[in-house]
1. Do the conditions hold for D101, that is, is it touching a Ser or Thr at 6+ places or on another chain (Cβ under 9 Å), acidic (D, E), part of a loop (DSSP other than H, G, I, E, B) and surrounded by fewer than 22 Cβ atoms within 10 Å (Cβ to Cβ)?
2. Take the conditions surrounded by fewer than 17 Cβ atoms within 10 Å (Cβ to Cβ) and farther than 21 Å from W259 by Cα and apply them to A87. Does it pass?
3. Suppose we filter G153, G182, G192 for residues that are crowded, with 16+ Cβ neighbours inside 10 Å, in contact (Cβ under 8 Å) with a residue 40 or more places away in the chain, within 18 Å of H114 (Cβ to Cβ) and not β-branched (V, I, T); which single one remains?
4. Within the stretch 82-98, does at least one residue satisfy the condition of being acidic (D, E), in contact with a strand residue (DSSP E or B) (Cβ under 8 Å, 6 or more places away or on another chain), in a loop (DSSP other than H, G, I, E, B) and closer than 21 Å to D202 by Cα?
5. Those residues that are under 21 Å from the mean Cα position of the chain (by Cα), under 27 Å from N53 (Cβ atoms) and of a type in the set (K, R), I need them from the stretch 230-273; list them, please.
6. Residue by residue through the stretch 227-244, note down the ones that are closer than 22 Å to V205 by Cα and exposed (fewer than 15 other Cβ atoms within 10 Å of the Cβ).
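Each value in this text was obtained by applying a stated rule to the coordinates, not by laboratory testing. Just so we're clear, the structure is a prediction, and the values are computed from it rather than from any experiment. No Cβ is skipped: glycine too gets one built from the backbone with ideal geometry, and neighbour counts run over all protein chains shown.
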Amino acid sequence: MLKPCCGVLPLVVMVCSVGIAKPGPAQEPAKTSAQEDVERIADLVLANHILVNQGVLDAFGHISVRSAKNPNHYFISRSRAPALVSADDIMEYDLEDHPIDARGRASYMERFIHSEIYKARPDVQSVVHSHSAGVIPFGVSDVPLKPISHMSGFLVRAVPVFEIREAGGDETDMLIENASLGAALAKKIGSGSAVLMRGHGDAVVGNSIKLAVFHAIYTEVNARLQAEALRLGKNIVFLNEVEAAKVAVVNDKQVGRPWDLWKTQALSSAQQK
């Protein structure tokens, strides 16, 4: 056995026991708001295609996303069928609905849905307006749309119905084509995730574009499921508010899972055309 000499061995043992610090994994630099907007625009294009592929949008309807760089601005396509939207179609607007750089591109007539909700709800990062067929009956009847499936817990309680006659009189064209009507719609949705529009469709929101897409799809799914349940009988067991709120939290945490599937399906569908 070696004997310590002048304290050398204990020093070596001590150094060996401590070891040499290894550098940790390199941390990626935080994204700038400008980089975040680039990603949001890419997701916005994809979201248009996803919502078409999932049967929520057709030739009509639209989705927007708030700007990370300037929260008083938002991005939305020029007036175009959602399935045809590309990055070149995306326009930036302020919350007064003035395009920042129109370049001759036409705007959606109902862009006021988006701007007024963004004004009223700082928490909202994305808005979807659709004419999805399943929700229409619940906006024109006395049957409230309520959460029937755990995937629709974000509805929490009966979804309010926006009656445009109350805000615009009896002779409108049913479109939200000015700020006054947009503000009335935003007031109706309140702090919720969805509002039905009588004889028109719905508007849904999310604190991310992925969550807004999730809400749009499962609002339509919930409407179809509820209609099927009503055909079986009137004694339907809905989620109570506590259940709905809890499953909404769970679903929010795993929204990336369905997004990845819908993304793959939309891209595959586009390649087959």
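1. Judged against the criteria, D101 is not a match.
2. Details: surrounded by fewer than 17 Cβ atoms within 10 Å (Cβ to Cβ): yes; farther than 21 Å from W259 by Cα: no.
Here the answer is no, as A87 does not meet what is asked.
3. Working: G153 fails: within 18 Å of H114 (Cβ to Cβ); G192 fails: in contact (Cβ under 8 Å) with a residue 40 or more places away in the chain.
Exactly one residue qualifies, and that residue is G182.
4. The initial filter retains those residues of the stretch 82-98 that are acidic (D, E), namely 88-89, 92, 94, 96-97.
Right, trim to in contact with a strand residue (DSSP E or B) (Cβ under 8 Å, 6 or more places away or on another chain) and you get 89, 92, 94.
Subset that is in a loop (DSSP other than H, G, I, E, B): none.
No - not one qualifying residue is present in the stretch 82-98.
5. Once the filter is applied, which keeps residues that are under 21 Å from the mean Cα position of the chain (by Cα), under 27 Å from N53 (Cβ atoms) and of a type in the set (K, R), the stretch 230-273 yields K253, R257, K263.
6. Selection gives N240, E241, V242, E243.
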